Amino acid sequence: MTSDELTKALEDQPEEGFDKGETRAETEGFFIFSVGESRYALPPAAIREIVADLEVFPLPACPPYVSGLINCHGKPHTVFDLKVLFENERQPTSKFLILNLEDDDAAFGCTEVIEIAEVPRSAVSAFSESDAENRFCSETISLEGRRIPVLSVGVIRRQLENDLA
Amino acid sequence: MPKASVPKVLSVFHFDLGTMDILLAASDFYAAAAGSDCRLETESPLGPRRLIAKGRSHDCVLLEPLFDRLFSPILPADCPEPTAFLMRRPEGGRAFLAARSFEKISLPLAEFRLFPRGLRARLAARGLAALRFEGGKRMQVLMNLGVVEPGAGDGGAASRSS
């Protein structure tokens, strides 16, 4: 395809872009889990593994939302306590979502794995930038009458970077 | 010039703090001295302490307050006879006074791990260099005391950078 042909093809597409009309899925998958009473969502690709019943080893000089380290297959992983991050309360957890990160080893503590839900795109909405309470979330989904925040792993990691700087 | 081969084991001083262990690499120190052969001096009530050992004066860090600050709660110190570990540094010798019993052991180098990348710099600045999971269940922290500066008042525990 020449650039002229590409330009022509793009001009023939609806406004949202070249292939969105044809290939954009009607639904999106989300991994739903709970920490205490609160529910959160993550893109399934953000999670590499779920492990359970590991001891959390506390660490000095870390922000309160870092509950410590777990030993996952012999490798230390930073454990985030999301309850502290969102509600400033500790929530001991027995399950851990090992995050799929290229440059670090980290996990979110988790009380219960709920489901992987296929959510219609119409049920996914962005947070407004002024929504300070949900600054660690990228969007929200409506599922069975509940609004569930979708966590932004990148923003949470940046918060840690800033707090340790 | 041929590369020096990496040893397969690390010789460490092992301190049991109760819920976890501290390891100090034996090669970080050039000597150890019994507390009875040392004299602890303070230039002012709030100033850092100096330890006179083997005829030399060293800035001194008391390890118990350091351990307690980093890893509290810890088992009480159990050793009536302290030991001074002496470290050679370009800017002057440093002594670390341990009031806790310890043993010298060798551990497989391959079992040591760095801390997760996101925490590594912060922990390293406080002297936490690496770790090992003993039997997979117990955390052992290898400390690099070279970054720990004697603090005013408590005889130690201030790190070089905050």
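The values are calculated or read from the model by the stated rules, or taken from the named source; none is laboratory data. Just so it is clear, the structure is predicted and the values come from calculations on it, not from any experiment. Counting neighbours? That spans all protein chains shown, and the Cβs are built from the backbone with ideal geometry, glycine included. All accessible areas refer to the heavy atoms of the entire protein, side chains included, with ligands and DNA or RNA removed. Shrake-Rupley method; radii C 1.70, N 1.55, O 1.52, S 1.80 Å.
Here the Karplus relation 6.51 cos²θ - 1.76 cosθ + 1.60, evaluated at θ = phi - 60°, turns the backbone of segment A:150-165 into coupling constants of 9, 6, 9, 4, x, 5, 5, 5, 5, 4, 5, 4, 5, 5, 8, 5 Hz, with x for every Gly and Pro. The portion of the accessible surface of segment A:17-165 made up by carbon and sulfur, rounded to a whole percent, is 46 (1.4 Å probe; DNA, RNA and ligands excluded).
At an R0 of 51 angstrom, the distance between the Cβ atoms of B:Glu149 and A:Arg146 translates into a FRET efficiency of 0.50. Its relative contact order, with pairs defined as Cα atoms under 8 Å and 6+ residues apart, puts chain B at 28 percent.
Of all segments of chain B bounded by GluC sites (Glu not before Pro) found in a DSSP loop with no more than 14 other C-beta atoms within 10 Å, the longest spans B:92-162.
Distant-in-sequence amide contacts of B:Val61, defined by a placed amide H-H separation under 5 Å and a gap of 5 or more residues or a different chain, comprise B:Ala95, B:Phe96, B:Leu97. Close Lys pairs in chain B, defined as Cα atoms under 28 Å apart and 8 or more places apart or on different chains, number 5.
Its Cα centre serving as origin, the protein assembly as shown has a Cβ charge dipole (Lys and Arg +1, Asp and Glu -1) of approximately 1980 debye. For the chain pair B and A, the buried solvent-accessible surface (1.4 Å probe, both sides summed) amounts to about 1600 Å². Taking a quarter of the surface of the Cα convex hull of the protein assembly as shown, what do you get in nm²? The orientation-averaged projected area of the Cα hull of the protein assembly as shown comes to 25.8 nm².
Residues whose amide H falls under 5 Å from that of B:Thr42, counting only those 5 or more places apart or on a different chain, are B:Arg50, with hydrogens built in the peptide plane. Annotation: per residue accessible area for segment A:102-165 equals 58 Å², rounded to a whole number [probe 1.4 Å, protein chains only]. Using the average count of surrounding beta-carbon atoms within 10 Å as a protection proxy, the listed peptides B:61-74, A:114-127 rank, highest first, as B:61-74, A:114-127. Across segment A:42-165, C-alpha contacts under 8 Å between residues 6 or more apart give a mean separation that, scaled by the residue count, equals a relative contact order of 20 percent. Computed from the C-beta positions of B:Tyr30 and B:Glu111 and an R0 of 30 Å, the FRET efficiency is 0.70 to the nearest 0.05. For segment B:127-139, 3J(HN,Hα) computed residue by residue from phi via the Karplus equation (6.51, -1.76, 1.60; θ = phi - 60°) reads x, 8, 8, 7, 8, 8, 9, 6, x, x, 10, 10, 8 Hz, glycine and proline entered as x. Annotation: amide H-H contacts under 5 Å for A:Ile114 (H modelled 1.01 Å from N, sequence separation of 5 or more, or interchain): A:Ile32, A:Phe33, A:Ser34.
Can you classify segment B:25-79 as rounded, prolate or oblate using the Cα gyration tensor, where a ≥ b ≥ c are the square roots of its eigenvalues, rounded means a/c under 1.5, and otherwise it's prolate if a/b beats b/c and oblate if not? Oblate, because a/c is 1.5 or more while a/b does not exceed b/c. The value of relative contact order for segment B:18-71, using C-alpha pairs under 8 Å at least six residues apart, is 20 percent. Between segment A:32-49 and segment A:64-95, the alpha-carbon centres lie 14 Å apart. The distance between label points at B:Asp37 and A:Arg48 comes to 4.8 nm (points 7 Å beyond Cα on the Cα→Cβ vector).
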